[in-house]
Amino acid sequence: PYTNVIVNKLDFDTKNNIAQGDAKLEKTKIQLLDINNYLIAEKITKEDGTVTFENIGYGTYYIKEVTPGEGYLLNTEKIMIEVDSNIEIVNFYNQVKKNEIVFKKYLFKFFKKDIFAIVFDHNSYTLN
């Protein structure tokens with residue numbers, strides 16, 4: 001007996017398959033592994049963040065992400081699934097990458113006056 005396994009890539013924050021900003025749920029590389037962690041199949045998600053593994057025999061498997069979609073962090077979770085007579089649907093969540101802003105404070109002497117500058121993201125703003 002065989003059935004299909006459908007993997008839905010979802011945004012962790014929004015809990016749906018609509019990517020945030022410029023991030024993309026498509027082109028995520030997903031692996032289907034057997035109970036002994038041997039590779040059964042590897043596929044790439046479609047534009048809607050889904051991928052279908054077809055004609056999978058009944059048994060215990062793992063779903064694992066290998067490469068995240070653009071703008072998302074790798075989900076290192078390995079999900080165990082039990083495949084039986086029903087189509088197995090697996091929701092797999094990804095956290096969007098957040099921009100990190102680093103602030104640096106500098107003290108300058110300018111005509112005997114202290115001037116502080118805060119520098120971040122390649123721009124600087126002067127505080128008096």
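The values are calculated or read from the model by the stated rules, or taken from the named source; none is laboratory data. Please read these numbers as outputs of a predicted model, since none were measured by experiment. Note that we place each Cβ from the backbone using ideal geometry, even for glycine, and neighbour counts take in every protein chain shown. With ligands, DNA and RNA removed, areas are computed over all heavy atoms of the protein, side chains included. Shrake-Rupley method; radii C 1.70, N 1.55, O 1.52, S 1.80 Å.
At a glance:
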{"quantity": "The range 1-80 - percent of accessible surface contributed by carbon and sulfur, probe 1.4 Å", "calculated": "49 percent"}
{"quantity": "Antiparallel content of DSSP bridges confined to the range 1-106, in %, to 5", "calculated": "75 percent"}
{"quantity": "Two-site label geometry, LYS78 and THR60: point separation in nm, points 7 Å out along Cα→Cβ", "calculated": "1.2 nm"}
{"quantity": "Sequence ranges 35-45, 88-98, ranked by mean other-Cβ count within 10 angstrom, highest first", "calculated": "88-98, 35-45"}
{"quantity": "Percent of Cα-Cα distances greater than 17 Å, calculated over the range 1-102", "calculated": "48 percent"}
{"quantity": "Unit Cα scatterers, Debye sum, the range 42-102: log10 I(q)/I(0) for q = 0.14, 0.16, 0.20, 0.30 Å⁻¹", "calculated": "-0.48, -0.60, -0.87, -1.48"}
